[in-house]
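Asks: Would you mind keeping the following structure in view while I ask a few things?
The values are calculated or read from the model by the stated rules, or taken from the named source; none is laboratory data. Quantities reported herein were computed from a predicted structural model and do not represent experimental measurements. Heads up, the Cβs are rebuilt from the backbone with ideal geometry, glycines too, and the neighbour counts pull from every protein chain shown.
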Amino acid sequence: MHGPPLIGWGLVALCAAAGIYCLSRTRAGAAGERRAAWGDALMGLGMAAMAVPTGALDARPWGTAAFAAVFGAVGLHALAPARARAEASRAHDGHQLHHAVGAFAMVYMALAMAHSPTAGHGGVHHLGAGHEPAGTPLLTGVLLVYFAVYVVRAVARIVPAPAMVPGEPPWPGPERAYGSGLTRACRLSMGIGMLAMLLTM
């Protein structure tokens, strides 16, 4: 990432923690939930790797190619019609579409920063005074709007309006609420991380 190192390392920690938690969820739940957890884990860990501040690692041309290849494959896999038909519910289908958008956003960021006219040694772009932003402003703006809306909706899901139904408890069981709440918090964290990474372009 090409912003302040402190923000970069904070994003690394946030995304890595989210990815590791999602990885721990890949053995629980229904098949659709496990697939979603795998996708979340891959996105979180991939974002952690991309958020490492510029200069902390020796940049090589194969780094950009590897990110583009891996996340391009992830995005295509998430969009595959057979995968969509195999999902158990529309909620899982929607999350697979979100995975696809996130994966292609990662490909876009990697390629845009590597091919920026102001890229430094090894194809790494440094954002700062006197440097032009990487990527296409219109596409970057569209992605920023998408992830901003996603974050707002994720916050609304984490803090729902209480609905009292006669004869039913106001909240789910503690184990279900704990797992669901943490999963949503991890997805919210990754959405915020994606916003922060796009803003550094």
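Asks: Determine which member of the set 156, 161 is over 18 Å from residue 47 (Cα atoms) and at pLDDT below 85. Give the steps one after another, and end with the answer.
Replies: Numbers: 156 fails: at pLDDT below 85.
None of the other options fit; the residue is 161.
Yes or no, residue by residue, for (1) surrounded by fewer than 20 Cβ atoms within 10 Å (Cβ to Cβ); (2) modelled with pLDDT under 70:
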position: 90; (1), (2): yes, yes
position: 108; (1), (2): no, no
position: 117; (1), (2): yes, yes
position: 149; (1), (2): yes, no
position: 191; (1), (2): no, no
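Asks: Another question, then. Please state which of the following conditions residue 83 fails to meet, knowing it meets all the rest: (1) surrounded by 14 or more Cβ atoms within 10 Å (Cβ to Cβ); (2) closer than 21 Å to residue 101 by Cβ; (3) at pLDDT 85 or above.
Replies: (3)
Asks: Hey, another quick one. Residue 101 - would you say it is modelled with pLDDT of 55 or more, assigned to a helix (DSSP H, G or I), of a type in the set (Val, Ile, Thr) and under 18 Å from residue 38 (Cβ atoms)?
Replies: Details: modelled with pLDDT of 55 or more: yes; assigned to a helix (DSSP H, G or I): yes; of a type in the set (Val, Ile, Thr): yes; under 18 Å from residue 38 (Cβ atoms): yes.
Spelling it out, residue 101 is indeed modelled with pLDDT of 55 or more, assigned to a helix (DSSP H, G or I), of a type in the set (Val, Ile, Thr) and under 18 Å from residue 38 (Cβ atoms).
Asks: Any chance you could count how many residues in region 186-201 are farther than 19 Å from residue 157 by Cα and assigned to a helix (DSSP H, G or I)? Reasoning before the result, please.
Replies: Restricting attention to region 186-201, the residues satisfying the condition of being farther than 19 Å from residue 157 by Cα are 196-201.
Among the residues that remain, those that are also assigned to a helix (DSSP H, G or I) are: 196-199.
Number of matching residues: 4.
Asks: Identify all residues within region 4-45 that are farther than 15 Å from residue 195 by Cα, among the small types (Gly, Ala, Ser) and part of a helix (DSSP H, G or I); write none if there are none.
Replies: Once the filter is applied, which keeps residues that are farther than 15 Å from residue 195 by Cα, among the small types (Gly, Ala, Ser) and part of a helix (DSSP H, G or I), region 4-45 yields 13, 16, 17, 18, 19, 24, 31, 32, 36, 37, 39, 41.
Asks: Just give me the residues in region 20-46 being closer than 20 Å to residue 67 by Cβ and free of Cβ contacts under 8 Å to residues at least 40 places away in the same chain, in sequence order. I'd like the intermediate steps shown before the answer.
Replies: Going residue by residue through region 20-46, those that are closer than 20 Å to residue 67 by Cβ are 20, 22-23, 38-46.
Answer for region 20-46, where residues must be closer than 20 Å to residue 67 by Cβ and free of Cβ contacts under 8 Å to residues at least 40 places away in the same chain: 20, 23, 38, 41, 42, 45.
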